[in-house]
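Right, one structure below, let's go through it.
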Amino acid sequence: MVLKYVHEYRDGDLAKGLIEVIKENLSSARFRSINKQDAKLRLMEVCGTHTMSIFRHGIRSVLPDNIELLSGPGCPVCVTAQQDIDAFVDLAMIKDVILTTFGDLIKVPGTFSSLQKEKASGKDIRIIYSVFDCLEIAAANPDKEVVFCGVGFETTTPTVAASILMAAERGIENFSVHSAHKLTPPALSALMETQGVDIDGFILPGHVSVITGINGYRDVFEKYRVPSVIAGFEPVDILKAILILAKQNISGIPKLENGYERAVSEEGNPKARHIMNQVFEPDDSVWRGIGKIPQSGMKLKDIYSKFNALEKFGIELKQRPEPAGCACGQILMGLKTPQQCVMYGKRCTPADPVGPCMVSSEGSCAAYYRYKGC
Ligand code: SF4
């Protein structure tokens with residue numbers, strides 16, 4: 001099924017047709033995944049944008065009972081470790097620093113404070129829509145230091161790299177970044193190595209895959225042989241991906257497939273990766289709830305160390321416990337659903353969140369709360 005226009009991927013009749021095919025073929029199917037004979041198919045949508053789209057279109061509610069959708073570690077704010085949130089707060093408290101960030105991060109509770117609280121108490125914290133805005137703020141405020149909170153995946157990191165190259169070219173020296181950027185494939189490996197994680201298929205992120213291409217997942221796929229499909233974000237894209245994964249499980253033949261051909265190629269975007277790799281290099285990184293994953297983060301290369309905010313201001317990352325009772329980590333690994341967290345909807349709500357999964361617009365707890373677990 002090759003469609004040409006985006007409205008076709010939102011077409012109600014097409015979606016209904018796919019739902020019928022899924023129901024007819026899969027309602028009584030017994031799935032043969034690689035490692036088990038199981039009555040239930042557990043598929044993980046890795047990306048937070050997929051999580052929100054699945055909820056928004058009520059996709060969970062139309063699937064047969066033997067298909068379960070789990071949310072994965074693809075919400076950038078949710079996976080940012082407590083030590084990085086605390087570092088952002090520490091940076092905001094330095095005299096003459098203008099801290100810049102994307103919107104969701106501001107509400108994430110740190111150990112002692114949050115960016116929102118610090119902003120309310122008068123610190124200069126600004127929500128921006130593009131990292132390039134930082135350069136203009138820096139140029140307009142030569143007596144201040146502009147610091148950017150770098151979170152996100154392969155989609156975001158190239159633009160942050162480009163901003164650093166541009167700052168170097170323009171001689172803007174009062175700009176720096178704390179990089180908590182993450183890479184997706186190492187997280188998939190870490191999931192598959194975690195005791196208790198039980199996933200029969202990955203719905204791979206569309207935006208990240210535009211950069212990595214399908215080739216970015218080949219090593220992980222060859223190692224773990226988990227059915228995998230890259231998907232777009234419209235309802236027809238997601239239903240098609242579910243059908244592909246279910247068919248792979250029924251046949252017992254895992255494949256790495258591209259269900260988002262209109263945006264994702266084999267090789268992805270080499271130019272964006274080149275810019276990213278000019279400025280950043282892989283490093284071990286701590287993920288919320290998951291812990292340290294080898295070579296899963298992107299740190300600034302030594303030649304760009306003058307743009308490294310932690311080095312510039314002498315701030316050290318301090319390992320700190322996550323909020324007591326918050327199950328974000330287990331939710332990000334598909335080990336729990338938000339409703340299995342004792343604080344969900346009681347102590348923790350979008351108005352007064354305990355963990356980042358309730359803060360972010362892409363967070364699983366926020367999505368469950370907004371759409372009441374449908
Ligand atoms: S409901 Fe709140 S406390 Fe519980 S896992 Fe989600 S964010 Fe954490």
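The values are calculated or read from the model by the stated rules, or taken from the named source; none is laboratory data. The model shown is predicted, which means the values in this text are computed figures rather than measured ones. Reconstructed Cβ throughout: ideal geometry from the backbone, glycine too, with neighbour counts over all protein chains shown. Just the protein is used for accessible areas: all its heavy atoms, side chains included, with ligands, DNA and RNA removed. Shrake-Rupley method; radii C 1.70, N 1.55, O 1.52, S 1.80 Å.
Descriptive notes on the structure:
- For the peptides 236-243, 190-197, residues were scored by their other Cβ atoms within 10 Å and the scores averaged per peptide; the highest-first order is 236-243, 190-197.
- Whole-Å semi-axes of the ellipsoid equivalent to segment 212-341 (Cα gyration tensor, √5λ, descending): 32, 24, 13
- Here's how it looks for Ser285: its modeled amide H is under 5 Å from those of Ile293, Gln295, Ser296, Gly297, which are all 5 or more places away or on a different chain.
- Heavy-atom accessible area per residue - segment 236-341, 1.4 Å, Å²: 48
- When +1 charges are put on Lys and Arg Cβ atoms and -1 charges on Asp and Glu Cβ atoms, the dipole computed for the chain relative to its Cα centre reaches about 860 debye.
- Using alpha-carbon coordinates, inclination of helix 157-170 to the longest axis of the chain, degrees: 30
- C-alpha long axis of helix 82-92 to longest principal axis of the chain, angle in °: 30
- For Ala263 and Val6, the difference between the fully extended length at 0.36 nm per residue and the C-alpha to C-alpha distance is 91.4 nm.
- Carbon/sulfur fraction of accessible area - the chain, other protein chains in place, 1.4 Å, %: 51
- Working note: Karplus 6.51/-1.76/1.60 with θ = phi - 60° gives segment 255-263 the couplings 9, 9, 10, 10, x, 10, 4, 6, 10 Hz, where Gly and Pro are set to x.
- Residues whose placed amide H lies under 5 Å from that of Gly201, excluding near-sequence neighbours: Met44
- Of the residues Ser71, Ile250, Ala15, the one whose Cα sits farthest toward the positive end of the charge dipole of segment 1-325, with +1 on the Cβ of Lys and Arg and -1 on the Cβ of Asp and Glu, is Ile250.
- Share, in percent, of DSSP beta bridges within segment 1-325 that are antiparallel, nearest 5: 30
- Simple label model, 7 Å out from Cα along Cβ direction - Ala351 to Glu169, nm: 4.8
- Segment 123-262: C-alpha gyration tensor shape, a/c 1.5 cut-off, then a/b vs b/c: prolate
- Global form of segment 289-374, assessed from the alpha-carbon gyration tensor, a/c cut-off 1.5: prolate
- Rounded to the nearest 500, the 222 nm mean residue ellipticity of the chain from helices alone is -10500 deg cm²/dmol, with -39,500 (n - 2.57) taken per DSSP H run of at least 4 residues.
- Between Asp65 and Asp124, the distance separating the two model label sites (each 7 Å from Cα on the Cα→Cβ line) works out to 6.0 nm.
- If the convex hull is drawn through the Cα atoms of segment 326-371, its volume per residue in Å³: 61
- Each eigenvalue of the Cα gyration tensor of the chain, multiplied by 5 and square-rooted, gives one semi-axis; in descending order these are 37, 23, 18 Å.
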